[in-house]
Every structure is written in C-alpha cells, then in structure tokens.
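K.L.:
Got a structure here, written out as structure tokens. Questions coming.
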Amino acid sequence: MIGVVAESADFDVVREFFELFKTPWEFCRGDQHYEVLLCAADVPFEATADIVLVYAGRKVCFDQKRSISIGKCVDRFCVLSERETEIPIYGRAVSFATSAAPLLTHQPGGECAAFFERLGDTSYIRIGYDLLAEIRMLLTAGQPPAQAHFPTLELHIDLLRRWIIGCGIELVEIPPVPKGYRFIACLTHDVDHPFIGKRMLDHTTVGFLFRTVVMWFWDLVRGRTTLQNVLTNWKATLKLPFIHLGLAKDLWSDFDEQYASFEKGLATTYFVIPFQGRAGIGPEGNAPARRASGYGAKDIETQIARITKAGNEVCLHGIDAWCDRTKAREEMDEIRKVSGASRIGVRMHWLYQSAQTSSALEDAGADYDSTVGYGVTVGYRAGATQPYKPFGASRLLELPMHVMDTALFYLSYLGLTHRGAMNRLAPMFENATRFGGCLTVNWHDRSLAPERLWGVTYGEILSELRERDPWFATAGDAVAWFRKRRSATFAANNADSGEIHMDAPDRWIGLPGLVLRTYKSRSVGDFRKVTADDHADRPVGAVVETAVPATGVSGT
Ligand SMILES: [Zn+2]
C-alpha cells in the first residue's frame with residue numbers, strides 16, 4: 001500500500017495518476033505505517049514507512065533535516081536519464097551533491113537527479129522534480145511537438161514502480177492491458193472528403209490536380225512515390241471530368257469498402273462531420289472558410305449503414321462542439337439520427353480544443369473525446385498511452401490520438417517517405433507492448449485512394465500491429481474497457497493481497513477481462529536488475545460486487 005502526502009490542491013492529480021498506475025494507495029493518514037510513502041509536498045508527515053520517496057524540484061524541509069546538499073536548480077525544460085531511458089522534465093528540477101549512486105542523472109552534465117539511501121530499516125529515495133506538477137502539465141498543456149516521442153507519463157509510472165520493487169517491496173497492479181492481449185489498437189478514420197465529384201475547383205481539387213499533374217516527377221525523383229502510383233493518379237485525373245458529369249464512380253466515395261479490404265474484419269471507428277458548409281468557430285474567431293466540409297452526415301447514409309452493419313463505430317467529427325455545448329448537442333444529435341448510435345464519441349475537425357472542451361462535450365452527453373494529439377507530428381501529446389479523465393470532467397474520458405497520416409506525409413509537417421514513416425513509428429509499436437494502453441491511429445477517409453495512395457504504409461502498420469497481438473477495438477469499446485479498469489478498486493482491508501472489488505460488474509460483459517499483475521520484490525537497493533518483465537499475471541477472477549467504497553479511487 002502506498003500512502004500519498006500531497007497538497008490538497010493536487011488531490012485531483014493524485015487521483016488521476018493512480019487511475020493510470022492502478023495499484024493500492026490512499027492519502028496518507030498520520031497514524032499509519034505504510035510500505036511506501038510518496039511525498040509530493042513539503043509538509044511534515046508522521047506516518048512511518050519501509051520506503052519514503054520524496055519528489056521536489058527545490059530544497060525542502062526533508063533536505064534540511066537530512067543535510068542533503070542541493071546542486072544546480074533548473075526552472076525550465078531538462079532531460080534526465082536512467083541507463084538508456086530518457087525522461088523530459090518541464091517544471092522545476094534540482095540536482096544533488098551526494099556520493100550516493102544516482103538513480104537518475106541530468107543530461108548532458110551527468111549530475112545526480114535522484115538517489116537512494118538506507119537509514120536503519122527505512123529506504124529513502126529523493127527525486128529532484130515535482131511529480132504532480134509534471135503530471136498536471138502533461139494532462140493539460142501537453143508536451144510540445146519536439147518531445148512528442150516521449151511517453152513521459154508512462155515513464156513516470158515505470159520509474160516509480162521499479163524504484164518500489166528495487167527497494168524490496170512486492171507490488172500489485174491492474175495493468176492497462178486486457179486479458180489475453182498485449183495492448184489495445186484503435187484504428188480510426190476522420191471522414192473529411194468522401195466525394196471529389198461534388199467539388200469543382202476548390203482547394204481540395206486544386207491540390208489533387210497539382211500533386212497528380214505537376215508534383216509527380218519531383219515525388220518520383222525523391223523516392224516519395226512509385227511509377228505505379230504516378231500511373232494510377234494519371235488515370236484518376238483523366239476520370240475526373242467524367243466523375244463531375246456523373247458518368248464515372250467517385251474516387252473517394254467507397255472509402256469504407258476500401259478500408260474493409262485492408263482491415264478484414266478488424267474493429268474501426270469513423271468520425272463523421274454532421275453538417276455541410278459550416279466552417280465554424282476557430283480559436284481566434286471565425287475559422288477559415290476552407291474548414292467547411294463539402295458533405296454532411298446525411299450525404300453518406302449509405303456508407304454509414306455499411307459501417308454500422310459491419311459492427312464498426314460511427315462518431316462525431318465535431319465542428320463547433322469543442323467550444324459550444326448547444327452546438328455540441330446539435331452535432332451529436334445529427335450523428336445519432338443518421339447512424340442510430342446511442343454512444344457517441346468525438347474527435348474535432350482540425351483538432352480544435354480548449355480547456356473548456358471536455359466540460360462542453362460532457363454536458364452534451366459525449367462518451368469520450370479523441371482529439372488530444374498532434375496535427376504536425378506523431379507521438380504522445382499527453383505523454384500517455386492510456387485514456388485519462390481530463391481535469392474538470394466527471395465522466396468523459398480522453399482517448400489520446402497518437403498517429404495521423406497527414407502529419408507523417410505532408411511536406412509542411414514531417415514530410416516522410418513510406419520507409420521514413422515506418423522507422424518513425426517503430427518505437428511507438430515497441431512502447432505499446434512495453435507499457436500497454438491503447439495505440440490510436442487516424443488514417444483519413446481518402447488516404448487509400450488517388451492521389452494520396454497511402455495504403456502501403458497503412459497495410460504495413462496493420463501488419464506490425466497484428467504481429468504484436470493487440471485487441472483491435474473500436475474507440476468506444478477501448479474506452480469502455482478502461483472504464484471497467486477504473487471501476488475496479490482494491491479491497492479496503494486487504495489491498496495488497498490483490499482482492500478486487502467492482503461496482504456492478506455485469507456492465508462490462510463482452511469486454512476482455514482485467515489482469516492482476518504482481519511484481520516480485522528485489523533485494524533492497526537492487527535497482528539495476530529491475531525490469532518491466534519481473535512480474536507474474538493472473539486473471540482477475542473472483543470479482544466481488546460491492547457498493548462499499550474500497551481503498552483507492554473508484555473510477556467512472
Ligand atoms: Zn477533419
């Protein structure tokens with residue numbers, strides 16, 4: 001059991017952190033003896049513990065009492081490292097002048113950023129940054145694109161876990177991994193342009209013609225396309241007048257069937273724009289006119305019917321839902337009307353969002369949002385591989401979006417070739433198997449068709465994912481599984497035994513089970529031998545239905 005000492009202003013961060021690191025914990029009660037005491041505030045504590053971890057990016061009372069010398073103080077971005085792993089720190093950080101072996105070092109100087117010492121029966125780890133401030137920053141502002149490749153929040157959990165085990169404590173946890181799988185994969189498609197035939201010489205058609213008629217030679221020379229693709233695109237260009245005259249089939253309209261031929265029955269989620277011709281509100285007033293869609297949900301009723309019949313999910317690709325709860329309700333109602341779906345998730349067109357978005361969506365009845373991600377790169381904006389509950393929301397979960405096709409290939413963004421894109425994604429596949437959680441991919445509706453022809457990369461992504469044995473789930477089912485995990489609590493009187501309680505477990509029928517993972521303790525101070533593989537799993541079987549609040553946080 002972990003006892004947590006924190007300022008009351010940070011209680012929300014502590015609660016969310018321990019929904020993501022699902023292990024027995026409670027706010028510290030003074031008279032208690034804990035196996036682990038996690039101190040994230042400079043407040044005196046009376047509780048005793050086998051291990052005391054003190055996180056602070058400045059000199060605190062603990063340092064004075066123990067005569068710990070502070071070295072350098074950093075109040076801006078820095079990188080710490082532990083063996084091969086690096087972790088970015090965005091707030092205050094300090095180094096220590098100590099002869100103890102460092103657990104973390106500042107880069108590039110190598111100063112000690114965390115160390116272990118043992119006094120009597122108690123182990124102490126002093127860590128020179130503010131854990132809760134880091135977690136709050138990740139789940140609100142998020143990481144800048146330059147640090148997108150760090151799954152920072154998962155790294156914080158991993159470090160804490162391994163420090164506890166390395167101090168000789170056995171740890172139980174419900175990992176973010178469904179029973180029988182290694183992680184969750186969500187294949188999603190933003191439907192922005194389901195028809196080229198409806199568009200005369202707008203920016204999308206002009207872009208199409210420019211790339212197929214003018215750019216092909218340059219793309220071929222630089223290895224960004226193949227001769228086969230050039231020929232396919234020329235053929236498509238020649239068809240364009242006939243498509244406009246209604247004499248040939250639209251290149252983009254059968255997007256769902258094109259995806260079905262790649263996905264072969266895997267669960268997918270389509271985000272559909274509700275209304276045609278609405279540019280909506282942008283962060284700085286009216287959004288540019290080209291944000292307005294050339295279609296509305298009603299225009300693709302046939303495709304939506306096929307998608308839902310195949311068991312896939314149709315959700316809202318929001319226009320103004322990000323800033324206006326009345327519009328959010330109107331947009332969601334339109335998707336419900338056309339698709340018949342009762343559970344509606346949301347991803348905003350052009351990834352618009354603000355600090356008020358989660359409460360606007362929650363008030364409008366959205367189940368989840370999947371907008372938090374990058375338009376310009378790929379990676380972990382919130383530093384997380386898992387869905388989380390945004391601060392201020394009471395029920396809505398945020399499913400982070402990690403990989404978007406346009407970010408990989410557009411010259412104004414990463415501008416990668418097929419091989420470059422796969423190299424860029426390789427560490428993300430490894431992170432999915434290392435940390436669990438959900439890897440969310442967004443491949444746009446027209447990306448398999450001319451002129452993009454990005455199907456080769458999409459096909460290879462599917463192969464890479466399949467090899468790693470994920471649970472392919474719709475975004476809604478993935479979020480439901482994480483709700484199931486959040487609903488589990490550790491028994492109040494016997495938390496470390498791993499006895500689990502769940503409120504109304506029948507709600508979760510049809511979803512994969514939870515796993516209880518026990519990490520074996522190591523001899524004290526034996527940090528170098530602790531790896532993520534030092535564990536034994538067993539299914540959570542004997543679930544006890546309970547309405548009694550148990551230890552830790554009961555999630556929603
Ligand atoms: Zn869009």
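K.L.:
For the residue pair L245 and D526, what label-to-label distance in nm results when each label sits 7 Å from Cα along the Cα-to-beta-carbon direction?
P.N.:
Going from the L245 label point to the D526 one covers 7.9 nm.
K.L.:
Continuing with this model, one more query. So for the chain: antiparallel DSSP bridges make up what percent, rounded to the nearest 5?
P.N.:
On the way: 38 of 83 bridges.
Antiparallel: roughly 45 percent of the beta bridges in the chain.
K.L.:
Which chymotrypsin sites (Phe, Trp or Tyr not before Pro) does region 1-90 hold that lie in a coil by DSSP with at most 14 other beta carbons within 10 Å?
P.N.:
Passing sites in region 1-90 are F77.
K.L.:
What residue among Q356, I461, G166 has its Cα farthest toward the positive end of the dipole of the chain, where the charges are +1 on Lys, Arg and -1 on Asp, Glu, each on the Cβ?
P.N.:
My answer, from the dipole projection, is I461.
K.L.:
Counting Lys and Arg as +1 and Asp and Glu as -1, what is the net charge of the other residues whose Cβ lies under 12 Å from the Cβ of N233?
P.N.:
With Lys, Arg at +1 and Asp, Glu at -1, the neighbours total +2.
K.L.:
Round to the nearest 10 and give me the degree value, 0 to 90, for the angle of helix 11-20's Cα axis relative to the longest principal axis of the chain.
P.N.:
70 degrees
K.L.:
Are there trypsin sites (Lys or Arg not before Pro) in region 203-287 that DSSP puts in a loop and that have at most 16 other Cβ atoms within 10 Å, and which ones? Before the final figure, lay out each step's value.
P.N.:
Numbers: sites: R211, R222, R224, K235, K239, K249, K264, R278; in loops: R222, R224, K249, K264, R278.
Counting only loop positions with at most 16 other Cβ atoms within 10 Å, the trypsin sites (Lys or Arg not before Pro) in region 203-287 are R222, K249, K264.
K.L.:
Loop by DSSP (not H, G, I, E, B), at most 12 other beta-carbon atoms within 10 Å: where is the longest site-free stretch of the chain for GluC sites (Glu not before Pro)?
P.N.:
285-556
K.L.:
With +1 on each Lys and Arg Cβ and -1 on each Asp and Glu Cβ, how big is the dipole of the chain about its Cα centre, in debye rounded to the nearest 20?
P.N.:
Computed about the Cα centre, the dipole is about 1240 debye.
K.L.:
Specify whether the C-alpha gyration tensor of region 186-229 places it in the rounded, prolate or oblate class, a ≥ b ≥ c being the square roots of the eigenvalues: rounded for a/c under 1.5, otherwise prolate if a/b is larger than b/c and oblate if not.
P.N.:
Details: a/c = 2.99, a/b = 1.31, b/c = 2.28.
In terms of gyration-tensor shape, oblate.
K.L.:
How many percent of the alpha carbon pairs in the chain exceed a separation of 41 Å? Walk me through the numbers on the way to the answer.
P.N.:
Numbers: 41654 of 154290 pairs.
In whole percent, the long-distance tail amounts to 27.
K.L.:
Looking only at region 344-373, which residues have a backbone nitrogen under 16 Å from a spot 7 Å from the Cα of E284 in the C-beta direction?
P.N.:
352-353
K.L.:
Using a 1.4 angstrom probe on the protein heavy atoms only, line up C167, C28 by accessible area, largest first.
P.N.:
C28, C167
K.L.:
Can you send over the carbon and sulfur percentage of the accessible area for the chain, probe radius 1.4 Å, protein chains only?
P.N.:
Here it works out to 53 percent.
K.L.:
Please go through region 392-424 and write out the trypsin sites (Lys or Arg not before Pro) that DSSP classes as loop and that have at most 15 other C-beta atoms within 10 Å.
P.N.:
R395
K.L.:
Next question, about the same structure. Keeping all protein chains in place and using 1.4 angstrom, which order do W454, W216 fall into by accessible surface area, from largest down?
P.N.:
Descending accessible area places them as W216, W454.
K.L.:
Once both labels are modelled 7 Å past Cα along the beta-carbon direction, what's the A9-T226 spacing in nm?
P.N.:
5.8 nm
K.L.:
About the Cα centre of region 203-293, how large is the charge dipole given +1 on each Lys and Arg Cβ and -1 on each Asp and Glu Cβ? Please answer in debye to the nearest 20.
P.N.:
280 debye
K.L.:
A further question on this structure: Can you give the accessible area of W234 in Å² (nearest 10), computed on protein heavy atoms with a 1.4 Å probe?
P.N.:
100 Å²
K.L.:
Once you charge only the Cβ atoms, +1 for Lys and Arg and -1 for Asp and Glu, what is the size of the charge dipole of region 189-230 about its Cα centre, to the nearest 20 debye? Intermediate values should be presented prior to the final figure.
P.N.:
Working: 5 positive and 4 negative charges, 28 e Å.
Here the size comes out at about 140 debye.
K.L.:
Output the 0 to 90 degree angle, nearest 10, between the alpha-carbon long axis of helix 455-467 and the longest principal axis computed from the alpha carbons of the chain.
P.N.:
The helix 455-467 is inclined about 30 degrees to the chain.
K.L.:
Taking only protein heavy atoms into account and a 1.4 Å probe, give the accessible area per residue of region 16-157 in Å². Provide the component values of the computation, followed by the final result.
P.N.:
Values: 5690 Å² over 142 residues.
Accessible area per residue, region 16-157: 40 Å².
The values are calculated or read from the model by the stated rules, or taken from the named source; none is laboratory data. For clarity, every value in this text was computed on a predicted model and none was experimentally measured. Backbone-built Cβ (ideal geometry, glycine too); neighbour counts: all protein chains shown. Side chains are part of the model used for accessible areas, which takes the heavy atoms of the whole protein and leaves out ligands, DNA and RNA. Shrake-Rupley method; radii C 1.70, N 1.55, O 1.52, S 1.80 Å.
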